[in-house]
Amino acid sequence: ADIPIAQLSLLSSLDAEEHIKLGEAIAPLRDEGVLILGSGMSYHKLGKLLGDGDAADKSSGDAFDEWLAEAVTSDREVREQRLVQWKDAPGARVAHPREEHLLPLMVCAGAASSAVKDGGEEKGMVVFADRIMGAKVLAARFG
């Protein structure tokens, strides 16, 4: 198959709001049939996944996963506000000591938000939720 692919790098600021705006900027590509796909994981504390975590890590990771599920399935305005302030979520820094594996979600949410601003209805939905190596993780989609 001849499938064109373009890869985006994360912005050096690692700022959630800037990544949401990046998603809004590339959203018109969806009208041309382009799939906007973000990869990462809702939990990314590798030490915990490799067996160095404790019960408090698990509980905090679960709390963040629940918060994230609620955030991505919220209406656009609430979703954006929560994602911009993700560091304040319960268990945020346990689940994500660094931002890199969560920011692709912000780009995808921004692309969906742009469609909503134009009159569409693109709430997020959790399409996968399970435990992987003991950590509660989810995958979300928009549209």
- Query: For the stretch 75-101, how many residues meet the condition of being at pLDDT 95 or above and in a loop (DSSP other than H, G, I, E, B)?
  - Reply: 3
- Message: Considering only residues that are in contact with a Lys or Arg (Cβ under 6 Å, 6 or more places away or on another chain) and either at pLDDT 95 or above or not polar (S, T, N, Q) (or both), which ones fall in the stretch 111-124?
- Response: Val116
- By residue number, the members of the stretch 102-112 that are assigned to a helix (DSSP H, G or I) and either among the hydrophobic types (A, V, I, L, M, F, W, C) or without any contact (Cβ under 8 Å) to a residue 60 or more places away in the chain (or both) are Leu103, Leu105, Met106, Val107, Cys108, Ala109, Ala111, Ala112
- Item | Residue match in the stretch 95-118 (condition: surrounded by fewer than 15 Cβ atoms within 10 Å (Cβ to Cβ) and more than 24 Å from Lys45 (Cα to Cα)) | yes
- Task: Identify all residues within the stretch 34-74 that are loosely packed, with under 13 Cβ neighbours inside 10 Å, modelled with pLDDT under 85 and not in a helix (DSSP H, G or I); write none if there are none.
- Result: Leu50, Gly51, Asp52, Asp54
- Task: Being in a loop (DSSP other than H, G, I, E, B) and among the acidic types (Asp, Glu) is the filter; apply it to the stretch 1-33 and report the residue that is surrounded by the fewest Cβ atoms within 10 Å (Cβ to Cβ).
- Result: Asp2
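The values are calculated or read from the model by the stated rules, or taken from the named source; none is laboratory data. Not measured: the values here are computed from a predicted model. All Cβ positions, even for glycine, are placed from backbone atoms using ideal geometry, and neighbour counts span all protein chains on display.
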